[in-house]
1. What single numbered condition from (1) without any contact (Cβ under 8 Å) to a residue 60 or more places away in the chain; (2) touching a strand residue (DSSP E or B) at 6+ places or on another chain (Cβ under 8 Å); (3) outside any loop (DSSP other than H, G, I, E, B) fails to hold for I194?
2. Give me the pairs, please: first residue somewhere in the range 131-160 and touching a residue at least 40 places away in the same chain (Cβ under 8 Å) and over 30 Å from L87 (Cα atoms), second residue anywhere and loosely packed, with under 14 Cβ neighbours inside 10 Å and of a type in the set (G, A, S), beta-carbon distance under 8 Å, and either six or more positions apart or on two chains.
3. So for the range 156-175 (the condition being surrounded by fewer than 12 Cβ atoms within 10 Å (Cβ to Cβ), assigned by TED's automatic domain parsing to the domain that holds S243 and not in a loop (DSSP other than H, G, I, E, B)), does at least one residue qualify?
4. Identify, by number, the condition in (1) under 24 Å from M154 (Cα atoms); (2) in a loop (DSSP other than H, G, I, E, B); (3) free of Cβ contacts under 8 Å to residues at least 40 places away in the same chain that Y228 doesn't meet.
5. Is it the case that some residue within the range 178-191 is assigned to a loop (DSSP other than H, G, I, E, B), outside the structural domain of E99 (by TED's automatic domain parsing) and within 30 Å of Q260 (Cα to Cα)?
6. Return yes when Q260 is within 23 Å of E169 (Cα to Cα) and either polar (S, T, N, Q) or touching a Pro at 6+ places or on another chain (Cβ under 8 Å) (or both) and no when it is not.
7. Considering I254, I242, which residue is β-branched (V, I, T), modelled with pLDDT of 90 or more and over 20 Å from V155 (Cα atoms)?
8. Output the number of residues of the range 214-273 satisfying the condition of being surrounded by 11 or more Cβ atoms within 10 Å (Cβ to Cβ) and either of a type in the set (S, T, Y) or not assigned by TED's automatic domain parsing to the domain that holds A143 (or both).
Amino acid sequence: MCIITNVVLYFFNKFAGLNVKFYVIFFIFIRNMKKIYQFIILGLLITGMLHSCGQDKKNKQNEGENFQEQMEGFSESMEDIDETMELVDFLNNKLKQIEQKVAEGELSPEEGQYLANELNEKYRREIARRSNLNPATNLPTWAKELGLLEPKGMVLDHDFSKKTSVNNETEGFNSIKLVFKGDYNTALNQARLIAENAGIPMSKEYAKAYEMAEKYPSAREKIKGVSYMNYELGETGLDHKISINVDENGKLTIIAVNEQQRKKYLERVREKS
(Lines give C-alpha, C1' and ligand atoms only; values in the text may rest on other atoms or scores of the structure.)
Protein backbone atom coordinates (compact mmCIF):
# COMPACT_ATOMS: atom_id res chain seq x y z
CA MET A 1 0.00 0.00 0.00
CA CYS A 2 2.82 2.38 0.86
CA ILE A 3 4.27 1.86 -2.61
CA ILE A 4 1.01 2.98 -4.23
CA THR A 5 0.86 5.99 -1.93
CA ASN A 6 4.36 7.05 -2.87
CA VAL A 7 3.49 6.80 -6.53
CA VAL A 8 0.41 8.98 -6.00
CA LEU A 9 2.38 11.62 -4.09
CA TYR A 10 5.00 11.66 -6.84
CA PHE A 11 2.42 12.45 -9.49
CA PHE A 12 0.69 14.99 -7.23
CA ASN A 13 3.91 16.92 -6.75
CA LYS A 14 4.79 16.64 -10.42
CA PHE A 15 1.49 17.96 -11.70
CA ALA A 16 0.76 20.49 -8.93
CA GLY A 17 -0.43 23.79 -10.40
CA LEU A 18 -2.51 22.21 -13.19
CA ASN A 19 -6.18 22.97 -13.70
CA VAL A 20 -9.15 21.80 -11.63
CA LYS A 21 -9.77 18.87 -13.94
CA PHE A 22 -6.59 17.30 -12.72
CA TYR A 23 -7.62 17.59 -9.06
CA VAL A 24 -11.00 16.04 -9.77
CA ILE A 25 -9.36 13.10 -11.46
CA PHE A 26 -6.88 12.89 -8.61
CA PHE A 27 -9.70 12.87 -6.03
CA ILE A 28 -11.47 10.03 -7.85
CA PHE A 29 -8.17 8.13 -7.98
CA ILE A 30 -7.66 8.57 -4.20
CA ARG A 31 -11.22 7.46 -3.51
CA ASN A 32 -10.84 4.30 -5.53
CA MET A 33 -7.29 3.59 -4.40
CA LYS A 34 -8.35 0.57 -2.36
CA LYS A 35 -10.05 -1.03 -5.35
CA ILE A 36 -7.12 -0.17 -7.57
CA TYR A 37 -4.73 -1.67 -5.04
CA GLN A 38 -6.81 -4.87 -4.89
CA PHE A 39 -6.89 -5.00 -8.66
CA ILE A 40 -3.09 -4.65 -8.82
CA ILE A 41 -2.59 -7.39 -6.19
CA LEU A 42 -4.99 -9.68 -8.05
CA GLY A 43 -3.13 -8.99 -11.29
CA LEU A 44 0.19 -9.83 -9.65
CA LEU A 45 -1.22 -13.08 -8.26
CA ILE A 46 -2.63 -14.09 -11.62
CA THR A 47 0.67 -13.25 -13.31
CA GLY A 48 2.56 -15.30 -10.71
CA MET A 49 0.21 -18.26 -11.15
CA LEU A 50 0.59 -18.13 -14.92
CA HIS A 51 4.37 -17.95 -14.59
CA SER A 52 4.39 -20.82 -12.08
CA CYS A 53 2.20 -22.96 -14.32
CA GLY A 54 4.41 -22.17 -17.26
CA GLN A 55 7.52 -23.01 -15.24
CA ASP A 56 5.99 -26.28 -14.00
CA LYS A 57 5.06 -27.18 -17.53
CA LYS A 58 8.60 -26.35 -18.67
CA ASN A 59 10.11 -28.41 -15.80
CA LYS A 60 7.87 -31.35 -16.61
CA GLN A 61 8.83 -31.04 -20.25
CA ASN A 62 12.54 -31.01 -19.30
CA GLU A 63 12.03 -34.00 -17.00
CA GLY A 64 10.25 -35.80 -19.79
CA GLU A 65 13.05 -35.03 -22.22
CA ASN A 66 15.69 -36.20 -19.72
CA PHE A 67 13.77 -39.40 -19.06
CA GLN A 68 13.40 -39.96 -22.78
CA GLU A 69 17.15 -39.47 -23.28
CA GLN A 70 17.89 -41.94 -20.46
CA MET A 71 15.53 -44.50 -21.96
CA GLU A 72 17.08 -44.06 -25.39
CA GLY A 73 20.55 -44.49 -23.90
CA PHE A 74 19.40 -47.60 -22.03
CA SER A 75 17.82 -49.01 -25.19
CA GLU A 76 21.03 -48.39 -27.14
CA SER A 77 23.03 -50.16 -24.41
CA MET A 78 20.69 -53.14 -24.51
CA GLU A 79 20.92 -53.22 -28.29
CA ASP A 80 24.71 -53.24 -28.03
CA ILE A 81 24.53 -56.13 -25.56
CA ASP A 82 22.16 -58.05 -27.81
CA GLU A 83 24.39 -57.48 -30.83
CA THR A 84 27.47 -58.55 -28.85
CA MET A 85 25.76 -61.74 -27.68
CA GLU A 86 24.70 -62.46 -31.24
CA LEU A 87 28.32 -62.10 -32.34
CA VAL A 88 29.43 -64.51 -29.61
CA ASP A 89 26.83 -67.07 -30.66
CA PHE A 90 27.75 -66.60 -34.32
CA LEU A 91 31.46 -67.10 -33.60
CA ASN A 92 30.86 -70.21 -31.51
CA ASN A 93 28.65 -71.72 -34.21
CA LYS A 94 31.26 -71.04 -36.89
CA LEU A 95 34.02 -72.61 -34.78
CA LYS A 96 31.86 -75.69 -34.20
CA GLN A 97 31.27 -75.98 -37.95
CA ILE A 98 35.03 -75.86 -38.57
CA GLU A 99 35.64 -78.54 -35.93
CA GLN A 100 32.99 -80.71 -37.54
CA LYS A 101 34.53 -80.32 -41.00
CA VAL A 102 37.95 -81.23 -39.65
CA ALA A 103 36.49 -84.29 -37.92
CA GLU A 104 34.72 -85.36 -41.15
CA GLY A 105 37.87 -84.84 -43.22
CA GLU A 106 36.59 -81.93 -45.30
CA LEU A 107 39.37 -79.77 -43.86
CA SER A 108 42.86 -80.65 -42.72
CA PRO A 109 43.81 -79.79 -39.13
CA GLU A 110 46.07 -77.04 -40.47
CA GLU A 111 43.29 -75.56 -42.59
CA GLY A 112 40.87 -75.76 -39.67
CA GLN A 113 43.32 -74.03 -37.36
CA TYR A 114 43.95 -71.30 -39.91
CA LEU A 115 40.22 -70.63 -40.37
CA ALA A 116 39.64 -70.69 -36.61
CA ASN A 117 42.41 -68.15 -36.07
CA GLU A 118 40.97 -65.88 -38.76
CA LEU A 119 37.50 -66.03 -37.21
CA ASN A 120 38.84 -65.41 -33.71
CA GLU A 121 40.85 -62.42 -34.83
CA LYS A 122 37.94 -60.86 -36.69
CA TYR A 123 35.01 -61.49 -34.35
CA ARG A 124 36.70 -61.55 -30.95
CA ARG A 125 38.17 -58.15 -31.74
CA GLU A 126 34.72 -56.77 -32.51
CA ILE A 127 33.32 -58.37 -29.36
CA ALA A 128 36.17 -56.88 -27.31
CA ARG A 129 35.63 -53.46 -28.87
CA ARG A 130 31.93 -53.47 -28.04
CA SER A 131 32.38 -54.70 -24.46
CA ASN A 132 35.44 -52.61 -23.55
CA LEU A 133 33.92 -49.87 -21.38
CA ASN A 134 37.20 -48.57 -19.97
CA PRO A 135 40.01 -48.80 -22.53
CA ALA A 136 43.53 -48.52 -21.12
CA THR A 137 46.33 -46.66 -22.85
CA ASN A 138 49.21 -47.16 -20.41
CA LEU A 139 50.24 -48.54 -17.04
CA PRO A 140 48.69 -46.68 -14.08
CA THR A 141 50.92 -45.44 -11.26
CA TRP A 142 49.97 -48.24 -8.87
CA ALA A 143 51.02 -50.87 -11.46
CA LYS A 144 54.36 -49.15 -12.04
CA GLU A 145 54.94 -49.20 -8.28
CA LEU A 146 54.73 -53.00 -8.51
CA GLY A 147 57.70 -52.95 -10.88
CA LEU A 148 55.75 -53.45 -14.10
CA LEU A 149 57.05 -51.85 -17.28
CA GLU A 150 55.63 -51.20 -20.71
CA PRO A 151 57.43 -53.20 -23.42
CA LYS A 152 59.62 -51.47 -25.97
CA GLY A 153 59.36 -52.04 -29.68
CA MET A 154 55.74 -53.20 -29.49
CA VAL A 155 52.35 -51.62 -30.28
CA LEU A 156 49.48 -51.37 -27.81
CA ASP A 157 46.27 -53.11 -28.91
CA HIS A 158 43.59 -50.67 -27.74
CA ASP A 159 40.66 -53.00 -28.40
CA PHE A 160 41.80 -55.59 -25.86
CA SER A 161 43.45 -53.28 -23.31
CA LYS A 162 41.23 -52.25 -20.39
CA LYS A 163 41.26 -51.18 -16.76
CA THR A 164 39.17 -50.72 -13.62
CA SER A 165 39.62 -48.30 -10.73
CA VAL A 166 38.93 -48.44 -7.01
CA ASN A 167 37.77 -44.82 -7.31
CA ASN A 168 34.87 -45.91 -9.51
CA GLU A 169 32.05 -47.29 -7.32
CA THR A 170 30.72 -49.51 -10.11
CA GLU A 171 34.17 -51.11 -10.59
CA GLY A 172 35.44 -51.18 -7.02
CA PHE A 173 39.06 -52.26 -7.43
CA ASN A 174 42.24 -51.56 -9.37
CA SER A 175 43.04 -53.79 -12.33
CA ILE A 176 44.89 -53.39 -15.61
CA LYS A 177 45.17 -55.44 -18.76
CA LEU A 178 47.50 -54.27 -21.50
CA VAL A 179 47.87 -56.18 -24.76
CA PHE A 180 50.76 -55.52 -27.14
CA LYS A 181 51.42 -56.72 -30.67
CA GLY A 182 54.83 -57.26 -32.18
CA ASP A 183 57.56 -59.64 -33.25
CA TYR A 184 57.54 -62.99 -31.45
CA ASN A 185 61.17 -62.83 -30.27
CA THR A 186 60.77 -59.22 -29.21
CA ALA A 187 57.74 -60.18 -27.15
CA LEU A 188 59.65 -63.02 -25.43
CA ASN A 189 62.57 -60.75 -24.56
CA GLN A 190 60.37 -57.92 -23.31
CA ALA A 191 58.29 -60.28 -21.20
CA ARG A 192 61.45 -61.62 -19.57
CA LEU A 193 62.74 -58.11 -18.79
CA ILE A 194 59.39 -57.01 -17.33
CA ALA A 195 59.12 -60.17 -15.22
CA GLU A 196 62.65 -59.75 -13.87
CA ASN A 197 62.03 -56.10 -12.98
CA ALA A 198 58.79 -56.95 -11.15
CA GLY A 199 60.17 -60.14 -9.60
CA ILE A 200 57.58 -62.38 -11.25
CA PRO A 201 58.70 -66.02 -11.70
CA MET A 202 58.01 -68.17 -14.72
CA SER A 203 54.93 -70.36 -14.31
CA LYS A 204 55.63 -73.92 -13.18
CA GLU A 205 54.35 -75.40 -16.43
CA TYR A 206 56.64 -73.30 -18.60
CA ALA A 207 59.54 -73.69 -16.18
CA LYS A 208 59.29 -77.49 -16.53
CA ALA A 209 58.95 -77.21 -20.30
CA TYR A 210 62.07 -75.06 -20.62
CA GLU A 211 63.92 -77.36 -18.23
CA MET A 212 63.11 -80.29 -20.49
CA ALA A 213 64.19 -78.25 -23.51
CA GLU A 214 67.64 -77.82 -22.01
CA LYS A 215 68.02 -81.60 -21.77
CA TYR A 216 66.38 -82.26 -25.12
CA PRO A 217 67.01 -79.33 -27.50
CA SER A 218 64.59 -80.72 -30.05
CA ALA A 219 61.75 -80.17 -27.58
CA ARG A 220 62.39 -76.43 -27.53
CA GLU A 221 60.70 -75.98 -30.91
CA LYS A 222 57.49 -77.33 -29.45
CA ILE A 223 57.36 -74.64 -26.76
CA LYS A 224 55.12 -71.79 -27.88
CA GLY A 225 55.18 -68.56 -25.92
CA VAL A 226 55.89 -68.08 -22.23
CA SER A 227 54.05 -67.24 -19.02
CA TYR A 228 55.19 -65.50 -15.84
CA MET A 229 52.92 -65.53 -12.77
CA ASN A 230 53.27 -64.62 -9.10
CA TYR A 231 50.52 -67.05 -8.11
CA GLU A 232 49.15 -70.51 -8.75
CA LEU A 233 45.62 -71.18 -9.88
CA GLY A 234 43.26 -71.08 -6.91
CA GLU A 235 45.77 -69.35 -4.63
CA THR A 236 44.34 -66.69 -2.31
CA GLY A 237 45.67 -64.18 0.21
CA LEU A 238 47.89 -62.22 -2.18
CA ASP A 239 47.82 -58.42 -2.33
CA HIS A 240 48.16 -58.45 -6.11
CA LYS A 241 47.96 -61.09 -8.80
CA ILE A 242 50.23 -60.47 -11.76
CA SER A 243 50.71 -62.37 -15.00
CA ILE A 244 52.84 -61.68 -18.07
CA ASN A 245 52.09 -63.87 -21.07
CA VAL A 246 53.28 -64.24 -24.66
CA ASP A 247 51.38 -66.40 -27.14
CA GLU A 248 52.65 -68.13 -30.27
CA ASN A 249 51.78 -65.12 -32.41
CA GLY A 250 53.89 -62.67 -30.44
CA LYS A 251 51.04 -61.09 -28.47
CA LEU A 252 52.23 -59.91 -25.05
CA THR A 253 49.63 -59.51 -22.31
CA ILE A 254 50.23 -57.88 -18.93
CA ILE A 255 47.56 -58.34 -16.24
CA ALA A 256 47.59 -57.03 -12.68
CA VAL A 257 44.75 -57.08 -10.16
CA ASN A 258 44.55 -55.74 -6.61
CA GLU A 259 43.16 -58.86 -4.94
CA GLN A 260 42.40 -57.27 -1.57
CA GLN A 261 40.31 -54.52 -3.18
CA ARG A 262 38.59 -57.05 -5.42
CA LYS A 263 37.73 -59.25 -2.44
CA LYS A 264 36.20 -56.33 -0.51
CA TYR A 265 34.27 -55.24 -3.58
CA LEU A 266 32.78 -58.70 -4.07
CA GLU A 267 31.80 -58.81 -0.40
CA ARG A 268 29.95 -55.52 -0.77
CA VAL A 269 28.17 -56.82 -3.87
CA ARG A 270 27.07 -59.97 -2.00
CA GLU A 271 25.75 -57.92 0.92
CA LYS A 272 23.62 -55.79 -1.40
CA SER A 273 22.21 -58.77 -3.30
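1. The failed condition is (1).
2. G147/G199
3. No; the residues of the range 156-175 include none that is surrounded by fewer than 12 Cβ atoms within 10 Å (Cβ to Cβ), assigned by TED's automatic domain parsing to the domain that holds S243 and not in a loop (DSSP other than H, G, I, E, B).
4. Condition (2) is where Y228 drops out.
5. Quick first cut of the range 178-191, residues assigned to a loop (DSSP other than H, G, I, E, B) only: 182-183.
With the extra rule that they be outside the structural domain of E99 (by TED's automatic domain parsing), the set shrinks to 182-183.
Subset that is within 30 Å of Q260 (Cα to Cα): none.
There is no residue in the range 178-191 that is assigned to a loop (DSSP other than H, G, I, E, B), outside the structural domain of E99 (by TED's automatic domain parsing) and within 30 Å of Q260 (Cα to Cα).
6. Working: within 23 Å of E169 (Cα to Cα): yes; either polar (S, T, N, Q) or touching a Pro at 6+ places or on another chain (Cβ under 8 Å) (or both): yes.
For Q260, the condition - within 23 Å of E169 (Cα to Cα) and either polar (S, T, N, Q) or touching a Pro at 6+ places or on another chain (Cβ under 8 Å) (or both) - is met.
7. On the way: I254 fails: over 20 Å from V155 (Cα atoms).
It is I242.
8. 6
The values are calculated or read from the model by the stated rules, or taken from the named source; none is laboratory data. Everything numeric in this text was worked out from a predicted model, so none of it was measured. With ideal geometry, Cβ positions are generated from the backbone for all residues, glycine too; neighbour counts draw on all protein chains shown.
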